[in-house]
Amino acid sequence: MKKQFAVSMVGLTLLGMSIGTKNVQAENTTATVANSKSTVTLKAPTEPSGPNPPIVDPTDPTDPTGQKGILTLDAVSSFDFGTIALDGKAVPTSSIVKKNDKDVPYKQGLQVTDKRGTGAGWKVTVGLSDFKGENNHLLKGATVEFPVGKLHTNNGNDDHSPTSSAITLQVNGGAQTILTANKDTGMGSWYDEFEDPTTVKLNVPGGQYADNYTANLNWTLTDTPA
């Protein structure tokens with residue numbers, strides 16, 4: 001990338017002044033312009049770099065993935081939806097965490113770092129597995145909702161941010177795109193924060209078995225937005 005800077009030397013003209021009977025004339029001056037160049041070369045790292053710490057400190061300290069490279073998924077949140085009392089009705093519940101023996105909302109999100117310097121774009125998809133119980137029951141018909149996130153960056157330029165999307169995941173229903181960097185966007189590090197954690201919801205239909213259930217969220221970063 002080359003930039004040119006013009007340096008201008010401005011000539012000053014003195015007006016003639018009348019003093020008594022003598023005239024004083026200003027000398028003619030000329031302005032000259034000189035050009036110089038300022039150059040710099042930017043390149044992608046030749047050695048795997050990282051891991052890249054999250055821009056926004058997540059609640060769960062195990063969130064960082066530890067990935068290294070020039071395109072990395074640096075952090076993804078885990079979710080604890082607490083305990084639900086069965087009453088035969090459908091129940092929506094938000095993710096929580098214990099702090100001082102009290103339930104408080106998670107600080108949640110995901111982060112991607114793109115050091116390729118190509119502007120090729122990328123995308124993150126996420127899928128939801130079955131919720132399986134310790135006693136081999138399945139949580140049937142459950143869905144997890146993600147809101148549109150608030151994007152943070154530390155690269156000093158937020159004009160080319162990726163796009164966060166609201167999605168609803170069904171168990172084994174296929175992956176959906178939650179964060180997209182189209183061409184010429186998403187370079188540097190970007191954290192997609194679910195700013196209001198109460199909007200990350202698990203929806204549980206009625207008529208379920210009492211059990212402790214666990215599911216996997218499968219996050220995938222691909223190197224093109226298509």
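Laboratory data are not the source of any read-out in this text; all were calculated from the coordinates shown. What you are looking at is a predicted structure, and each value in this text was computed from that prediction instead of being measured. Cβ sites come from the backbone with ideal geometry, for glycine too, and all protein chains shown count toward neighbours.
For the pairs K115/K150; K132/K183; K140/K183; K68/K150, flag any whose C-alpha to C-alpha distance is greater than 32 Å. Write out the running numbers ahead of the final one.
Details: K115/K150 21 Å; K132/K183 39 Å; K140/K183 39 Å; K68/K150 25 Å.
Violating the 32 Å limit, Cα to Cα: K132/K183; K140/K183.
Which far-off residues, 5 or more places away or on another chain, put their amide H under 5 Å from the one on D80, with H placed in the peptide plane?
I96
Using a simple spin-label model with points 7 Å from Cα along the Cα→Cβ vector, what separation in nm is obtained for L86 and D159?
Reported label-point gap for L86 and D159 is 5.8 nm.
What residues have an amide H closer than 5 Å to that of D74, excluding those fewer than 5 places away on the same chain, when H is modeled at 1.01 Å from N in the peptide plane?
The list, which skips near neighbours in sequence, is Q111, V112, T113.
Under a point spin-label approximation (7 Å from Cα along Cα-to-Cβ), what is the A226-E145 distance to one decimal in nm?
With each label placed 7 Å out from Cα toward Cβ, I get 3.5 nm.
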